[in-house]
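Here is the structure we will look at.
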Amino acid sequence: MKNILVTGGCGFIGANFIRYVLGETDFTGRIINVDKLTYAGNPENLAEIDKQFPERYYFVKADICDPKAMRMVFERFSIDAVCHFAAESHVDRSIVEPDAFIKTNIIGTFNLLELARFFQDKIILFHHISTDEVYGSLGESGYFTEKTPYSPNSPYSASKAASDHLVRSYGKTYDLPVTISNCSNNYGPYQFPEKLIPLTILNALEGKPLPVYGTGLNVRDWLYVADHCKAVWLIMRKGKPGATYNIGGRCEMRNIDVVRIICDMIDELAPKPGNRPRRDLIAFVKDRPGHDQRYAIDFSKLQSELGWVPAESFETGIKKTIKWYLDNKGWIESVISGEYMSWIKRQYEW
């Protein structure tokens, strides 16, 4: 791989991935970051990267749903590998505005696959980033494996399931070298505050209500973003063509417990005047439609075949995350000043 196209590289996971590959691996080629710069695509997530890695990092503002623009990228940069992060990913918004999810996650992926097929003589790998949500919901026991039947329960997860199937089908039908990874819930630096952890951190710091759906008993498997990036890079270098790999954090926790841990840690790291506990800010809100009860990933295939295990526990990862938000108030101010944050607040009826 010499010229890697990273789609959605200004988003949360994509930006962390680019920082990791350029700054912490032995990769010597170029990364071409294509991002449409929607509300969640923030160029500040990659501030100074172009100066740190001149002639190795390029940014192109483009929409993966625009075949002509994307073809120009493939031709101009002689793309030989694709790491496809770009996606609409917020379940709540997919319930209210599903059309954007169908367009970006399905049509956008189709456009990229068609271009990879057209330039197949150059393409070494097409890696597709997906989610454990395609598998649906678990009961109190059991784990998602790579053989778990798909059973998506939201427009978001349905659109990701469709894109997974497209990628797999192009591998089988056209012999395109593809791999797929399905990960559990990510958290860490640069995450847009529509998701549970960054929203809880920022609201707790500001003394605002901490919305928790239903009774807060829904269970998620949490994965620190740096661990995810390392897993993706390992799959891209050593994964089997046509294979799917699950990536999990081995950190199952109830949502309410996640919020309580964040409250207690922020109380310790940034005490409030009067020492009022942040737990007092927790506000249970109406549950969202089709809210999956539990996700849990079995990543034994990735561990046995490629030797990957997560380095961070939830306690170590969440402490690093909170400290990052405390140390990057300028980034926070830039993000929360946008119109989309007003939309989020209206959804939670603050």
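The values are calculated or read from the model by the stated rules, or taken from the named source; none is laboratory data. Every value quoted in this text rests on a predicted model; they were computed, and no experiment measured them. Virtual Cβ from ideal backbone geometry, glycine too; neighbours counted across all protein chains shown.
So that you can scan it fast, the table gives a plain yes or no per residue for (1) at negative phi; (2) polar (S, T, N, Q):
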residue	(1), (2)
Gly8	no, no
Phe17	yes, no
Thr25	yes, yes
Thr28	yes, yes
Asp35	yes, no
Gly41	yes, no
Ala47	yes, no
Tyr57	yes, no
Asp66	yes, no
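Checking each residue in region 222-271 for being closer than 24 Å to Ala15 by Cβ and basic (Lys, Arg) picks out Lys230, Arg237, Lys238.
Does Asn33 meet the test of being in contact (Cβ under 8 Å) with a residue 12 or more places away in the chain and within 19 Å of the chain's Cα centre (by Cα)?
yes
Filtered by the rule that a residue be aliphatic (A, V, I, L, M) and in a helix (DSSP H, G or I), region 131-146 gives a lone residue, Val134. Scanning region 141-187 for residues that are under 22 Å from Lys301 (Cα atoms) and among the charged types (D, E, K, R) turns up Glu146, Lys147, Lys160, Asp164, Arg168, Lys172. Of the residues screened, Ser78 is not one that is of a type in the set (S, T, N, Q) and either modelled with pLDDT under 95 or touching a helix residue (DSSP H, G or I) at 6+ places or on another chain (Cβ under 7 Å) (or both). Only one of the listed residues (Ile129, Ile95, Ile79) is crowded, with 23+ Cβ neighbours inside 10 Å, within 25 Å of Trp222 (Cα to Cα) and among the aliphatic types (A, V, I, L, M). That residue is Ile129. Restricting the first member to region 294-306 and to residues that are more than 15 Å from Ser151 (Cβ to Cβ) and among the aliphatic types (A, V, I, L, M), and the second to residues that are surrounded by fewer than 16 Cβ atoms within 10 Å (Cβ to Cβ) and modelled with pLDDT of 95 or more, the beta-carbon pairs closer than 8 Å and six or more apart or on different chains are Leu306/Lys238.
Filtering region 1-49 to residues that are closer than 19 Å to Ile79 by Cα and aromatic (Phe, Trp, Tyr) leaves Phe17, Phe27. Considering Val82, Val96, the condition of being closer than 15 Å to Tyr170 by Cβ and touching a residue at least 60 places away in the same chain (Cβ under 8 Å) is satisfied by Val82 alone. On the basis of being surrounded by 15 or more Cβ atoms within 10 Å (Cβ to Cβ), under 24 Å from Arg237 (Cα atoms) and not hydrophobic (A, V, I, L, M, F, W, C), does Arg71 make the cut? For Arg71, the condition - surrounded by 15 or more Cβ atoms within 10 Å (Cβ to Cβ), under 24 Å from Arg237 (Cα atoms) and not hydrophobic (A, V, I, L, M, F, W, C) - is not met. You will find that of Ala81, Ala62, Ala47, the residue that is farther than 23 Å from Lys329 by Cβ and out of contact with any Phe, Trp or Tyr (no Cβ under 8 Å at 6 or more places or on another chain) is Ala62 and no other.
Of all residues in region 292-309, those satisfying the criterion of being in a loop (DSSP other than H, G, I, E, B), touching a Gly at 6+ places or on another chain (Cβ under 8 Å) and surrounded by 15 or more Cβ atoms within 10 Å (Cβ to Cβ) are Asp292, Ala296, Asp298, Phe299. Here Val309 meets each of (1) at pLDDT 95 or above; (2) among the hydrophobic types (A, V, I, L, M, F, W, C); (3) touching a strand residue (DSSP E or B) at 6+ places or on another chain (Cβ under 8 Å) with one exception, condition (3).
Contact annotation: residue pairs with Cβ atoms under 6 Å, 6 or more positions apart or on different chains, pairing a residue in region 147-166 that is in a loop (DSSP other than H, G, I, E, B) with a partner that is at pLDDT below 95 and surrounded by fewer than 17 Cβ atoms within 10 Å (Cβ to Cβ), are Asn153/Gly290; Ser154/Gly290.
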